[in-house]
Amino acid sequence: PRTRLLAAGSLALLATLSLSETRRWADPLTLQRRDVRHAWHHPVTWRNLAWERLGLGHPERAYRSFHQALRPPFLDAGACAGYVSTLLTLGRDAEALRATERALATFPDNAGLLALGIRQARHSGNWKRLEELVRQAESLGILTPELACQVAYYRGARGQPEAAEALLRRQLGRYPGDPALWDYLGWVLAKQGRGQEAAAAFREALRLDPGNERARQGLDGRP
């Protein structure tokens, strides 16, 4: 009986340790840290770790990791976009703007960087630079949903709601499941006085993303 009890206890302990180890290695952050340890000299491993940290709400740690990912002579568009996003999260807007301009000089057709550049130029009120970036984005042909929303927002703000609507509807043909596109379409339609169509767009955005506060405000008729 004593041997059987010891065997059962050993098996239970091994099962517990195995489950704990499985859970530990299933954690994305743990996996990214492991990759960095095994290939610390490779910028991609630092970039992936940085994005993971940023997504988990640790911008200071992400900032340090992005610095490692952008060590000369390496320059990666994804790492640049993450670095700028981290600076914006930390409230370092002026530094983020300079970093965006440097990155766009190297990657002028990168959709993620263009979206960041347009958003920053809009917030800083630099309309000349904003127009340049919008034209650059529109020349790409196929836009990401985020970039399309930024361009549509600009066109709507400049009194061109028809152009904004046409752009959003083209992108919805490619990305019908993107809630942000429906959300922005709702606001464009609302500004044209097309209340029923706008409400339908807001409802679709909320169906796809129930936590979309902008769409909820639009459906409630709040500015």
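The values are calculated or read from the model by the stated rules, or taken from the named source; none is laboratory data. A quick note: this is a predicted structure, and the numbers were derived from the prediction, not measured. Backbone-built Cβ (ideal geometry, glycine too); neighbour counts: all protein chains shown. When the accessible area is computed, the model is the full protein with side chains, heavy atoms only, and any ligands, DNA or RNA have been set aside. Shrake-Rupley method; radii C 1.70, N 1.55, O 1.52, S 1.80 Å.
Solvent-accessible surface of protein heavy atoms, probed at 1.4 angstrom with all chains present, puts Trp46, Trp40, Trp127 in the order Trp40, Trp127, Trp46, largest first. Largest accessible area first, the residues Asp209, Asp183 order themselves as Asp209, Asp183 under a 1.4 Å probe with ligands, DNA and RNA left out.
Here the Kirkwood formula puts the hydrodynamic radius of the chain at 20.2 Å, using every distinct Cα pair. Over the range 131-199, accessible surface divided per residue gives 48 Å², non-protein components excluded, 1.4 Å probe. Accessible area ranking (1.4 Å probe, heavy atoms, ligands and nucleic acids excluded), largest first, for Ser139, Ser85, Ser65: Ser139, Ser85, Ser65.
Whenever you get a sec, compute what percent of the accessible area on the chain sits on carbon and sulfur atoms (1.4 Å probe). That fraction is 56 percent.
Summing Cβ point charges (Lys, Arg +1; Asp, Glu -1) relative to the Cα centre of the range 92-223 gives a dipole of roughly 200 debye.
Largest GNM mean-square fluctuation among Gln192, Gln150, Gln68, using the chain with Cα springs under 10 Å: Gln192. Per-residue extension of 0.36 nm, minus the Cα-Cα distance of Leu75 and Glu197, leaves a gain of 39.5 nm for this segment.
Around Ala50, with a cut-off of 9 angstrom between Cβ atoms, what is the net charge of the other residues, counting Lys and Arg +1 and Asp and Glu -1?
+3
Applying 1/(1 + (r/R0)^6) with R0 = 35 Å to the Cβ-Cβ distance of Arg216 and Thr30 gives a FRET efficiency near 0.45. Entry comment: accessible area of the range 79-128 is 45 Å² per residue, from protein heavy atoms only and a probe of 1.4 Å. Computed from point charges on the beta carbon alone (+1 for Lys and Arg, -1 for Asp and Glu), the dipole magnitude for the range 16-149 about its Cα centre is near 400 Debye.
Over the residues of the chain, the helix contribution to mean residue ellipticity at 222 nm works out to -25000 deg cm²/dmol, using -39500 (n - 2.57) for each DSSP H run of at least 4.
Mind running the shape call on the range 163-223? Use the C-alpha gyration tensor, a ≥ b ≥ c as the square roots of the eigenvalues: rounded below 1.5 for a/c, prolate if a/b tops b/c, oblate otherwise. Oblate shape, in that a/c is at least 1.5 and b/c is the bigger or equal ratio.
Distance between the pseudo-spin-label points of Trp40 and Arg158 (7 Å out from Cα toward the beta carbon): 4.9 nm.
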